[in-house]
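Have a look at the structure below before the remarks.
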Amino acid sequence: MAWNRKHLLDIESLDADELNTVLDTARAFKAVGTRAIKKVPALRGKTVINLFVEPSTRTRISFELAEQRLSADVINFTAEASSLKKGETLKDTARNLEALNADFIVIRHSASGAPHFLSRFLNASVVNAGDGAHEHPTQALLDAFTIREKKGRIAGLNVTILGDILYSRVARSNIWALTKLGANVTLCGPSTLVPKVFEKMGCRVTYSVEEAIKDADIINLLRIQHERQRQTMFPSLNEYTSLFGLTRARMDRTKPDALIMHPGPINRGVEIDSEIADCKRSVILEQVTNGLAVRMAVLFLINGGKPQEVAA
Amino acid sequence: MAWNRKHLLDIESLDADELNTVLDTARAFKAVGTRAIKKVPALRGKTVINLFVEPSTRTRISFELAEQRLSADVINFTAEASSLKKGETLKDTARNLEALNADFIVIRHSASGAPHFLSRFLNASVVNAGDGAHEHPTQALLDAFTIREKKGRIAGLNVTILGDILYSRVARSNIWALTKLGANVTLCGPSTLVPKVFEKMGCRVTYSVEEAIKDADIINLLRIQHERQRQTMFPSLNEYTSLFGLTRARMDRTKPDALIMHPGPINRGVEIDSEIADCKRSVILEQVTNGLAVRMAVLFLINGGKPQEVAA
Amino acid sequence: MAWNRKHLLDIESLDADELNTVLDTARAFKAVGTRAIKKVPALRGKTVINLFVEPSTRTRISFELAEQRLSADVINFTAEASSLKKGETLKDTARNLEALNADFIVIRHSASGAPHFLSRFLNASVVNAGDGAHEHPTQALLDAFTIREKKGRIAGLNVTILGDILYSRVARSNIWALTKLGANVTLCGPSTLVPKVFEKMGCRVTYSVEEAIKDADIINLLRIQHERQRQTMFPSLNEYTSLFGLTRARMDRTKPDALIMHPGPINRGVEIDSEIADCKRSVILEQVTNGLAVRMAVLFLINGGKPQEVAA
């Protein structure tokens, strides 16, 4: 078991030992979530500031609850109505938050590299909760946790990631984590959204959804972010669904034990048929549960906690 | 004393014993509010998510503080900037929140029946914090608590509810609670807002405010929601005030010990004269205090607490 | 040591003994901020409501964290989506919040005198977190704390406040605190923003920045609030910077141990050069840290705490 890091900035710089340490620790925290009292005193008297410059209810709530269950004092700082609107630089905002004796700053930002930038001058620990199209490390960790829990291992599995790879920090972090842990990763989606250059990260790239899913042990669907302005990347939502949506017909051509994952929120009828989202092979809601455990583990380890001490 | 329910969805399905159990338990919690340390450990390590899809600062704060005083971990989820805006269904949102090991989901929603809907598929306990024009059960419980505390009983009292009955979940829940507890309920307001069909719920309906208030022990005024588009239901605010507003002159024609209630926020000079709102017979602020006690009692009972253990 | 006040409404009505009591108590709380567990149980089971009718992320977060570190139950009530928007009066809103057994109401309001107004009818303690152009007492206390900590004393020091004095509650509260504690206060800025009438408060007024800074031990820069509509008070931001901005050239003409203060958020390149903001003589971030300690001290003293008991 190895963890000596002050920050969690990305998956790219972690090695397999470190990834496994987080996953092992998260397993202990998942058990905490089933207790009558779902709380440990590990971060009591520590201050965590959730600096969400880009809105994200889902990820923020998962972090906030993880922090509460670790007994930390929690402050939510969102971009709306904040000093960032008054023209303050991100650096000044972060240093002002740190000056409140913050121990952790969990940052979500639309600019790739924002967490790394903060880590260069802050004494507080920085946790990346998603930066631009760069990385979303806790999402990759919870995905890896879910795969390992369900399949008993990650090495040797065929994992297909389907959708908008180009703009997806979830895809990037997943590719790093899964290849480090020994999985065979296939990327698929519209050619405008899945450039061949991803092969350099050790993945197979294919534009045939049938090819992508037929041998997959895991099919990880990305959200089509139709509320953003990406319509130019493919003709229409219907076109996307017809070419890449996970339908009952396509599902029938997957391995019988292939699992369906999705980082949420799902678009029923777009990237996934409604009945597939709710079927037994979908582990989408378990991903949510595991996200909480993984985030508790990350904060706990950065705080110097030892995995064997989780129960305390 | 009887309480075996997992949810609080409405008043309609409760019986008088259950109502009285909540009121008795709330009495113990009201005492907690006067202690130096206004806190009990009953819900320590439990997670409560306040899912407020329809905005409501007042009710949300009352629930949030009730939850804090029970030592729960609390997450506020509001519709703004949430995944509901990204097209996620309410069902998916609720199941995602539950996947965070939530023990309670307190829901406020503009659609009647939303809490019942959630209760059909969630394992978490659902508490209705107001659903459309259907019910607002904790408001009715705090109103009943206030009446019982002030008058020593509810059975046999004459309670008049005055205002927009048709669109009011407060009125509906109050009618259920008060008739079950043996009060004589009179409804009064503009005929467009008080249809005769309410007589089937066991109430008297009258369009004469003088008739409605002269024998009343309790006059419960509803808020005229002039910020919503209801102007078509009566000619003008002035017209409403002149016909149904509780003025000094009308107050003089009530029983000398008749009490004035209002769920707030009040419109001074519209449904109630400013001096009446502040007079000794107004118990409007005590309703607010009692609301906190009633909400603590509801969460405590659903969590399996026994009334005699409140003091712990 | 003397503190018998129920509210903190302004600096004007405090005497030097009271000011020093807050500063001495804050020193003990600053030490709490460096502990492994930055938390004391002093306000456990007490309820603090942050009533921020005028938006302020920075001050609200400082108060919220101070309250959490004192173990209070905390409710944030902001003007957005609140009953104040439904036409409720401030008095009714405050009385409704108090009816939740609130022990403290921390109020930020755009109207001068709002905290005094509340204190006249509330039983809860009222803490002024900034009211219009009137006072911002905790800012003045943290500024005084910072000066005393850095210089070992306040009496006899030359303190220059530079900027928009006329509309600044920070300036007003600072003038009261510093003159009571024996400092020599100089005010400087555009003549439209620094009326001569301030001399009646015991200050020197000058329109020459060179004159204002040459003997200063402390230079406290106010924020130019260019996002508000004050452009008419001086021709342009460039004009302001050129006439009153703290540049390297001007800095070279100050005393070698003169310290630079700023309530934040700073406008780099407007009222202060970027390199000056980051130089060793800038104590801007320490002000933020001290703000937390001062706010803990204020709440602690109002709650009846004795300075010698902080460690508990």
Let me know the charge dipole size of segment A:137-285 about its Cα centre in debye, to the nearest 20, where only the beta-carbon of Lys, Arg (+1) and Asp, Glu (-1) is charged. 400
Give, rounded to the nearest 20 debye, the magnitude of the charge dipole that segment B:110-217 has about its Cα centre when Lys and Arg contribute +1 at Cβ and Asp and Glu contribute -1 at Cβ. 280
Inter-chain Cβ neighbour average for residues A:58-65, partner chain, 10 Å: 5
Could you work out [θ]222 nm for chain C from helices alone, using -39500 (n - 2.57) per DSSP H run of at least four and dividing by all its residues? Round to the nearest 500 deg cm²/dmol. -10500 deg cm²/dmol
Report the charge-dipole magnitude of segment B:1-134 in Debye, nearest 20, computed about the Cα centre from +1 at each Lys and Arg Cβ and -1 at each Asp and Glu Cβ. 520
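Where does each of A:274-284, A:256-266, B:259-269 land if you order them by average Cβ count within 10 Å, highest first?
B:259-269, A:256-266, A:274-284
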Candidate span helices, chain A: DSSP H, at least 15 Å along axis from Cα coords, Kyte-Doolittle average at least -1.0, result A:16-32, A:137-151, A:169-180, A:284-302
Once you've got the GNM for chain A with C-alpha springs shorter than 10 Å, pick whichever of A:Pro235, A:Pro190, A:Pro137 has the biggest mean-square fluctuation. A:Pro235
Segment C:1-159 - convex hull of alpha carbons, volume per residue in Å³: 127
Can you say what percent of the DSSP beta bridges in the protein assembly as shown, counting only those with both residues inside, are antiparallel? Round to 5. 5
Förster radius 56 Å - calculated FRET efficiency between A:Asp24 and B:Glu12 (Cβ-Cβ, nearest 0.05): 0.65
Please compute the modelled spin-label separation between B:Lys280 and A:Ile37, points set 7 Å along Cα→Cβ, answer in nm with one decimal. 4.8
In whole angstrom, note down how far apart the Cα centers of segment C:234-273 and segment A:245-278 are. 60
Among all the aspartates and glutamates, which ones have a C-alpha under 15 Å from B:Lys200's C-alpha, if same-chain residues fewer than 8 places away are not counted? B:Glu12
Determine the shape class of the protein assembly as shown: with a ≥ b ≥ c the square roots of the Cα gyration tensor eigenvalues, call it rounded for a/c under 1.5, and otherwise prolate if a/b is greater than b/c, oblate otherwise. oblate
Lysines whose Cα lies under 16 Å from that of B:Lys30, excluding same-chain neighbours fewer than 8 positions away: B:Lys38, B:Lys39, B:Lys150, B:Lys306, C:Lys46
Nearby aspartates and glutamates by direct alpha-carbon distance to A:Lys6 (threshold 13 angstrom, same-chain neighbours under 8 apart not counted): A:Glu18, A:Asp103
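Please compute the net charge surrounding A:Ser173, taking Lys and Arg as +1 and Asp and Glu as -1 over other residues with Cβ under 12 Å from its Cβ.
Working: positive: A:Arg169, A:Arg172, A:Lys180; negative: A:Asp10, A:Glu12, A:Asp131, A:Glu135, A:Asp143.
Within the 12 Å Cβ shell, the charges total -2.
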Any idea which of A:Ser282, A:Met251, A:Thr186 is furthest toward the positive side of the dipole for segment A:137-285, if Lys and Arg beta-carbons carry +1 and Asp and Glu beta-carbons -1? A:Thr186
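Hey, what does the equivalent ellipsoid look like for segment B:137-284, semi-axes from the Cα gyration tensor as sqrt of 5 times each eigenvalue, largest first, whole Å?
Output for segment B:137-284: semi-axes of 21, 18, 14 Å.
Pop the C-beta distance of B:Ser110 and A:Arg204 into the FRET formula with R0 = 51 Å and round what comes out to the nearest 0.05.
0.60
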Relative packing of C:213-221, A:206-214, B:89-97, which averages over residues the other C-beta atoms within 10 Å, highest first: C:213-221, B:89-97, A:206-214
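None of the figures in this text is laboratory data; all of them are computed from the coordinates on show. All of these numbers come straight from a predicted model, not from anything done at the bench. Positions of Cβ are generated from backbone atoms using ideal geometry, with glycine treated the same way; all protein chains shown enter the neighbour counts.
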